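The values are calculated or read from the model by the stated rules, or taken from the named source; none is laboratory data. Remember, predicted model here, so these are calculated numbers, not experimental data. Cβ placement follows ideal geometry from the backbone for every residue including glycine, while neighbour counts extend to all protein chains displayed.
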Amino acid sequence: MTEFDTLGKARDERERRASQRGWRPGLRESALFDRNVIHEIQRAAREGIYDIRGFGAKRAVPHFDDLLFLGASMSRYPLEGYRERCDTDVVLGDRHASRPLHLDIPITIAGMSFGALSGPAKEALGRGASQAGTSTTTGDGGMTAEEREHSSVLVYQLLPSRYGMNPDDLRRADAIEIVVGQGAKPGGGGVLLGQKISDRVAEMRDLPKGIDQRSACRHPDWTGPDDLEIKIHELREITDWEKPIFVKIGATRPYFDTALAVKAGADVVVLDGMQGGTAATQEVFIEHVGIPTLAAVRPAVDALQDLDMHRRVQLVVSGGIRSGADVAKVLALGADAASIGVAAIVALGDNSPAHEEGYAEIATSAGYYDDWHEGRDPAGISTQDDDLAARFDPELGGRRLANYLHTMVLEAQTIARACGKSHLHNLEPEDLVAVSVEAAAMARVPLAGTSWIPGAGTAVNS
Amino acid sequence: MGTRARPGVRVGAGTGYVTVDLAETPLRELNAGLHAVDGDGPRRWRVLNPRGAHAVAAGIDAEIEVDVDGHVGYYCAGMNKRAVVRVHGNCGTGAAENIMSGAVVVDGNASQSAGATGRGGMLVIRGNAAARCGISMKGVDIVVRGSVGHVSGFMAQKGRLVICGDAGDALGDSIYEAQIYVRGKVAGLGADCIEKELDDRCRGELRELLERAGIDDCEPEDFRRYGSARRLYNFQVDDAGPD
């Protein structure tokens, strides 16, 4: 046998084995120990530490897709698309503040930090939101000059970490959002790994460069709802009672948390379900703590109605809002507005097939990329690397976000008109049915084709 | 015990005192007045009968002096900029929280989270502070003539915490780059907090802080220094073999 023959045989053997990799008839994967679970166990065995990633909960839980609208029928007439009005405006925070927020659309941009996102990405969010007539929100890194400049309405978060917190930014903000928690990690603080603690980020946060920072998970100067009332009062005093005060909670005990937030004086409650995204946290947090957005909305609305505060304290819901249908459903269940995080950066280009080459270089692929904590995003969105961030065009990004917001509003209006509603806020639970027992029970709407609401009549406050 | 604090803020030429009696005037009017002070505004204010009110003198941004006669509640002088606020009494939770500059001096005792997340300026407590003194501090200097409670200096990022008395349990837990000086006993150190050498530079720093705080009966030599071991700065990731 010549050397060529030997090499040829070796190559043939490799190709034969390669063609046998992956599924073929007779190979059965375990539902419990599937390939992803096996991979994670072996990663843990190699590294000795939990897996950290970005994005929100990826597992399937009951969500808005399990709800359907009842359009017009013999007993209900629709409104003409384009010809008859269906308004979309919303006022947030008129309970106490002398300057509540007037938004053109009931979709806001959720809090995402500079640090988690690049400067150009934050600028794009500001541009797009301003074009669409809505607000953006700062995140765990404080307020940047670019965001204040490009956002016509800016909500400033007060988080447990208090990175960059200062009274000048409080006064420059249009509203203040006290963060108790977020849906991805109720009970956890922010995480930003060393590779994203750039000079600028480190300075804004008063941290040494290159450390793996983990924010506090509790506020340093207040703990329970009675203290929160005093804290809200202080913030109002500092800002001369001008700004609406939001309280953001991750969805765990939405009924009680909403009631307590209202009693503490909140003007707006922001409720973030478990599908809510993050730039970085432990996988176990994302997938196993917090309840689905669908399960959280009705209890929160119940709390508002029980306190006679529905529509007087507004409810903003986030966590897996993806389309005008999701927006319409969350409004129909009683929310005043929806908020988007992951969807917003996807609109900017995150996980786009256009970056497939870049994804391949970091061992991932478009549609799967969630290692946002590493800061190597080829799209230049979830990175602090100047070269990568320079690839992202904030003006184009802003336009894309505005287009996406506009599309969602058109979709929601289409649905609302079909239900005969002249304002998105007129959508109501009676417009909805469910196609699963879980969704019917959670949303408290009947299973389609029946009058059955599982659990109706039993006390289910939580 | 110690002289009256003179933290070195220049006070403008006298336009006399403004006195506000919180027994008769709503807090909102006091704070609105303090926020409205401009270049010509009154430089010296006196607040009577605070009776434990919250957010007294919160959010000032002016070079003025405010004397508060009595005890205050939570968040006195919260987010203070440039002003000198003196509390002639005790204060509740979060005194001088997030102070940016200027000074806050408390004659009596302070409750929990004194100086929380402070980013500049100085907080002086003549009496004792409670738990979590200096929690999450980001550049403020805090000087306590008495003792502090447990978990003081928790996640302290920047600035100096000087304790002339004793410190409670878990001092400096998860501390970053702030410096802690203690003269009395330390009940226990928190995660990643260790004792460090008190060298000439530290003694000089301490002397300057005590002087600014108006404390003249404590010697730098009698203090010990504590700071971060820096073992929690990065996640510990193993690499047990190839795939």
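Tally up the residues in the stretch A:329-381 that are in contact (Cβ under 8 Å) with a residue 12 or more places away in the chain, under 24 Å from A:GLY319 (Cβ atoms) and β-branched (Val, Ile, Thr), please. Residues meeting the conditions: 5. Identification of helices (runs of 4 or more DSSP H) wholly contained in the stretch A:117-202 with 1 or more residues that are hydrophobic (A, V, I, L, M, F, W, C) and farther than 14 Å from A:GLY398 by Cβ yields A:145-150, A:167-172. Just one of the listed residues (A:ILE286, A:ILE238, A:ILE245) is crowded, with 24+ Cβ neighbours inside 10 Å, modelled with pLDDT of 95 or more, closer than 21 Å to A:VAL317 by Cβ and within 14 Å of chain B (Cβ to nearest Cβ), and it is A:ILE245. Annotation note: of B:GLY52, B:GLY59, the sole residue that is surrounded by fewer than 19 Cβ atoms within 10 Å (Cβ to Cβ), at pLDDT 85 or above, closer than 26 Å to A:LEU228 by Cα and not charged (D, E, K, R) is B:GLY52. Considered as a group, the residues in the stretch A:38-73 that are within 14 Å of another protein chain (Cβ to nearest Cβ) and in a loop (DSSP other than H, G, I, E, B) include one that is nearest to B:ASP239 (Cα to Cα), and that residue is A:GLY48. Just one of (1) farther than 30 Å from B:GLY241 by Cβ; (2) among the aliphatic types (A, V, I, L, M); (3) in contact with a helix residue (DSSP H, G or I) (Cβ under 9 Å, 6 or more places away or on another chain) fails for A:ILE52. It is (1). Filtering A:LEU271, A:LEU260 for residues that are touching a strand residue (DSSP E or B) at 6+ places or on another chain (Cβ under 7 Å) and either in a strand (DSSP E or B) or away from chain B (no Cβ under 14 Å) (or both) leaves a single hit, A:LEU271.
Test B:ARG212 against the stated conditions and say whether it is within 14 Å of chain A (Cβ to nearest Cβ), of a type in the set (Lys, Arg) and in contact (Cβ under 8 Å) with a residue 12 or more places away in the chain. For B:ARG212, the condition - within 14 Å of chain A (Cβ to nearest Cβ), of a type in the set (Lys, Arg) and in contact (Cβ under 8 Å) with a residue 12 or more places away in the chain - is not met.
Scanning the stretch B:26-71 for residues that are assigned to a loop (DSSP other than H, G, I, E, B), away from chain A (no Cβ under 12 Å) and among the β-branched types (Val, Ile, Thr) turns up B:VAL37, B:ILE64. Out of the stretch B:74-111, which residues are of a type outside the set (Lys, Arg), facing another protein chain (nearest Cβ under 10 Å), in contact with an Asp or Glu (Cβ under 9 Å, 6 or more places away or on another chain) and surrounded by fewer than 24 Cβ atoms within 10 Å (Cβ to Cβ)? If the condition is that a residue be of a type outside the set (Lys, Arg), facing another protein chain (nearest Cβ under 10 Å), in contact with an Asp or Glu (Cβ under 9 Å, 6 or more places away or on another chain) and surrounded by fewer than 24 Cβ atoms within 10 Å (Cβ to Cβ), then B:MET100 is the only one that fits.
The residues on offer are A:GLY8, A:GLY115, A:GLY56, A:GLY71, and the sole one that is surrounded by 10 or more Cβ atoms within 10 Å (Cβ to Cβ), without any contact (Cβ under 8 Å) to a residue 40 or more places away in the chain and not polar (S, T, N, Q) is A:GLY8. If you check B:ILE175, B:ILE180, B:ILE142, B:ILE125 for being surrounded by 22 or more Cβ atoms within 10 Å (Cβ to Cβ), under 14 Å from the mean Cα position of the chain (by Cα) and within 14 Å of chain A (Cβ to nearest Cβ), only one passes: B:ILE142. Pairing each residue of the stretch B:28-39 that is surrounded by 13 or more Cβ atoms within 10 Å (Cβ to Cβ) with any residue that is among the β-branched types (Val, Ile, Thr) and at pLDDT below 95, provided the two are 6+ apart or on different chains, yields no C-beta distance under 6 Å.
Scanning the stretch A:227-241 for residues that are of a type outside the set (Val, Ile, Thr), part of a helix (DSSP H, G or I) and touching a residue at least 40 places away in the same chain (Cβ under 8 Å), we see that the one that is nearest to B:ALA32 (Cα to Cα) is A:ARG236.
Residue by residue, here is whether (1) more than 27 Å from A:ASP51 (Cα to Cα); (2) away from chain B (no Cβ under 11 Å); (3) crowded, with 17+ Cβ neighbours inside 10 Å holds:
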residue	(1), (2), (3)
A:ILE178	yes, yes, yes
A:PRO186	no, yes, yes
A:ILE197	no, no, yes
A:ARG200	no, yes, no
A:LEU207	no, no, yes
A:SER215	no, no, yes
A:TRP222	yes, no, yes
A:PRO225	yes, yes, yes
A:ILE230	yes, no, yes
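Scanning the stretch A:29-37 for any residue that is within 14 Å of chain B (Cβ to nearest Cβ) and out of contact with any Phe, Trp or Tyr (no Cβ under 6 Å at 6 or more places or on another chain) turns up at least one such residue. One residue is enough: does the stretch B:188-208 have a residue meeting the conditions farther than 27 Å from A:LEU159 by Cα and buried (at least 23 other Cβ atoms within 10 Å of the Cβ)? There is at least one residue in the stretch B:188-208 that is farther than 27 Å from A:LEU159 by Cα and buried (at least 23 other Cβ atoms within 10 Å of the Cβ). Scanning the stretch A:410-440 for residues that are in a helix (DSSP H, G or I), crowded, with 16+ Cβ neighbours inside 10 Å and in contact with a strand residue (DSSP E or B) (Cβ under 8 Å, 6 or more places away or on another chain) returns A:ILE415, A:ALA416, A:ALA418, A:LEU424, A:HIS425, A:ASP431, A:ALA439, A:ALA440.
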